[in-house]
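Below you'll find the structure, written out as structure tokens, and then a few comments.
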Amino acid sequence: MLGYIWQYVYSSFLRYWLKWLIRQATGKCELQRICSGYKPGATRTEKTEYSLRSSKNKVLRGALETSKDKLEQCVDQIMKEKNVKHQKDPLFKESLHICLLQITGYSSLYVSVEDLRKEVFSSENAEHEAMLLKLWDLLMPTVKLESRITKQWGDIGFQGDDPKTDFRGMGMLGLINLVFFSENYTKEARQVLSHANHPKLGYSYAIVGINLTEMAYSLLKSGALKPHFYNTVQGTPELRHFHQLYCYLAYEFDKFWVAEEPESIMQFNQYREKFHNIVKTHLQDPDVCLTLTVSSKN
């Protein structure tokens, strides 16, 4: 209870006066101090985001919802509001612009990811079908698929004769992630598939992949991935950056699973949660970079 009272008093009264006193002493507004006091990355961008969100100034709060094409104009407005002179602080404008690209880009990325998640796989859609067949060819280049509906799909970890039923939860997002990993990290994807087909330590490659897509999606939605993207993308995070994060999760989960040597696939949820907690712990590090360290084709 006391914590809530203190937070209210600080955010409503003390913070304003503290900022005013520091500005009088340093000659710089809070945003200037953040941009000059921290290196590019998560700490700087998250502090900038908090400063803007906590501001009583409508221009500053509105910056968080500004479209990409109007960000430069928005930065100019902020500099005018805070009386920041470019001649006195020549690095501020570019630093704040990068922070805003990351902040607003994260929100836009979530919208794009959500759109793919809501896109239902359709057998009537030629592009959907082509992508599914491409996944097979990438993972099983020496084995011909006998027909579109076949038990062979089980060889790459689908549950039934027709994979479309397995994409219900994550929609096209699940398939696109699987294909992205297989296309850009073909050697690693095939290696993971071979582990998944192990007679004792095996698991359903495609189903687990879709499950890891759900993990990535949930982390994105909660905001937990902000430190990762703010550290790894010096600009606007895009869909390919989300797909690359999935590749990291797929590759690292396989290493984790093999090292743990579960007694049965029935323990999947237990080990999945353990891996999830490891990832969330990594994301507490302000310097976190969840990047696959092997070389991709692109």
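If you check GLU146 against the conditions, is it more than 24 Å from GLU238 (Cα to Cα), assigned to a loop (DSSP other than H, G, I, E, B) and among the charged types (D, E, K, R)? So GLU146 passes the test. For region 24-59, filtered to residues that are out of contact with any Ser or Thr (no Cβ under 8 Å at 6 or more places or on another chain) and of a type in the set (A, V, I, L, M), the residue that is farthest from HIS228 (Cα to Cα) is ALA25. Here THR142 passes the criteria (1) of a type in the set (Val, Ile, Thr); (2) open to solvent by less than 30 Å² (accessible area, probe 1.4 Å); (3) over 23 Å from the mean Cα position of the chain (by Cα) except the one numbered (2). Residues that are within 10 Å of THR213 (Cβ to Cβ) and at pLDDT 95 or above within region 168-180 comprise MET170, GLY171, LEU173, GLY174, LEU175, ILE176, ASN177, LEU178, listed in sequence order. Within the set ARG33, ARG23, the sole residue that is open to solvent by 50 Å² or more (accessible area, probe 1.4 Å), at pLDDT below 60 and out of contact with any Phe, Trp or Tyr (no Cβ under 7 Å at 6 or more places or on another chain) turns out to be ARG23. All conditions but one from (1) on the phi < 0 side of the Ramachandran plot; (2) open to solvent by less than 60 Å² (accessible area, probe 1.4 Å) apply to GLY157; the one that does not is (1). So, in region 165-175, exactly how many residues are open to solvent by 20 Å² or more (accessible area, probe 1.4 Å) and in contact with an Asp or Glu (Cβ under 9 Å, 6 or more places away or on another chain)? Adding up the residues that qualify gives 1.
Listed here are the residues, each with its yes/no results for (1) aromatic (Phe, Trp, Tyr); (2) over 30 Å from THR165 (Cα atoms); (3) in the same structural domain as TYR246 (by TED's automatic domain parsing); (4) surrounded by 12 or more Cβ atoms within 10 Å (Cβ to Cβ).
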site	(1), (2), (3), (4)
GLN87	no, yes, no, no
ILE103	no, yes, no, yes
SER123	no, no, yes, yes
GLU129	no, no, yes, yes
LEU135	no, no, yes, yes
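(1) over 22 Å from PHE275 (Cβ atoms); (2) polar (S, T, N, Q); (3) open to solvent by 20 Å² or more (accessible area, probe 1.4 Å): which one isn't true of THR150, the others all being true? Answer for THR150: the failing condition is (3). The single residue among GLU49, GLU129, GLU114, GLU72 that is more than 27 Å from MET215 (Cβ to Cβ), within 27 Å of the chain's Cα centre (by Cα), of a type outside the set (A, V, I, L, M) and outside any loop (DSSP other than H, G, I, E, B) turns out to be GLU72.
The values are calculated or read from the model by the stated rules, or taken from the named source; none is laboratory data. Note that the structure is predicted; figures quoted are calculated from it, not measured. All Cβ positions, even for glycine, are placed from backbone atoms using ideal geometry, and neighbour counts span all protein chains on display. Side chains are part of the model used for accessible areas, which takes the heavy atoms of the whole protein and leaves out ligands, DNA and RNA. Shrake-Rupley method; radii C 1.70, N 1.55, O 1.52, S 1.80 Å.
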